[in-house]
Amino acid sequence: MPQPSVPPDSVAAATPARAAGLAGLLTAEVVVGAALFVLAFGVFFYLTRVVFLYHSQVFDNWGFAQMDYLRAAHPWTLTFVKFLTFFGSIWFFVPVSLLTPYLLHRAGLRRYAIELLVSMGGGFALNQLLKAVFHRPRPSTALLHQYGLSFPSGHAMMSMAFYGCLAWLAVQHGRRWGVAGALVVFCLLIGLTRVYLHVHYPTDVVAGFAAGTVWLVLLRTGIRVFWKEKKIPGEAASVSE
């Protein structure tokens, strides 16, 4: 049975509509990205003033008190926290930052593989630079011995660089909002483990998340500007050549 033909006028009308829809998505991404950048940068700047200019410990003391209460009320959480915090450590991120991009590349997602590699490599370098600039010692009440400086938290910043980047890719590649939300929650929980264990001040952790968010927005902006993208049939968003 012959299929009904589509009038040429309908095709012509649909093309501008699709273009307008894509332009709307790009505009929404730009607006959200700009808002996240301003908010995260503002939070980081505010925390540097609170910690290094005003030397306020109000938020840090409050955060430690909440985690101390949780540990005292539920002692079993200590074992769980020690397990969970591993997924934000360098011992986890070094192999997974190589394996995950490799798997993405094997799956034909070359741009995503490179994006994740740059996110982790650049995030680590930026974290070490910020630690050297601010040079804040770790809390003296730490439950675990940790090397290095305290501000901003490497666990928080690198978790945002890794899990935050994966969350973005999950949304970009198939609109998997549930997966993205779970990755962000997992990232936040890793940050809380650092406060629970007293290896970072709460301000370190929030600053780490803020710095990680700023880095992700800058990375995404760079990809938009310098990497030519094309539409792939079946994709929820555009991918790069």
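The Cα atoms of segment 16-240 cover 60, 35, 31 Å along the three principal axes, with the biggest extent listed first. Annotation: for a label point projected 7 angstrom from Cα along Cα→Cβ of L218, residues of segment 123-159 with backbone N closer than 12 Å are 123-130.
Laboratory data are not the source of any read-out in this text; all were calculated from the coordinates shown. All values reported here derive from a predicted model rather than from experimental measurement. Cβ: placed from backbone, ideal geometry, glycine included. Neighbour counts: every protein chain shown.
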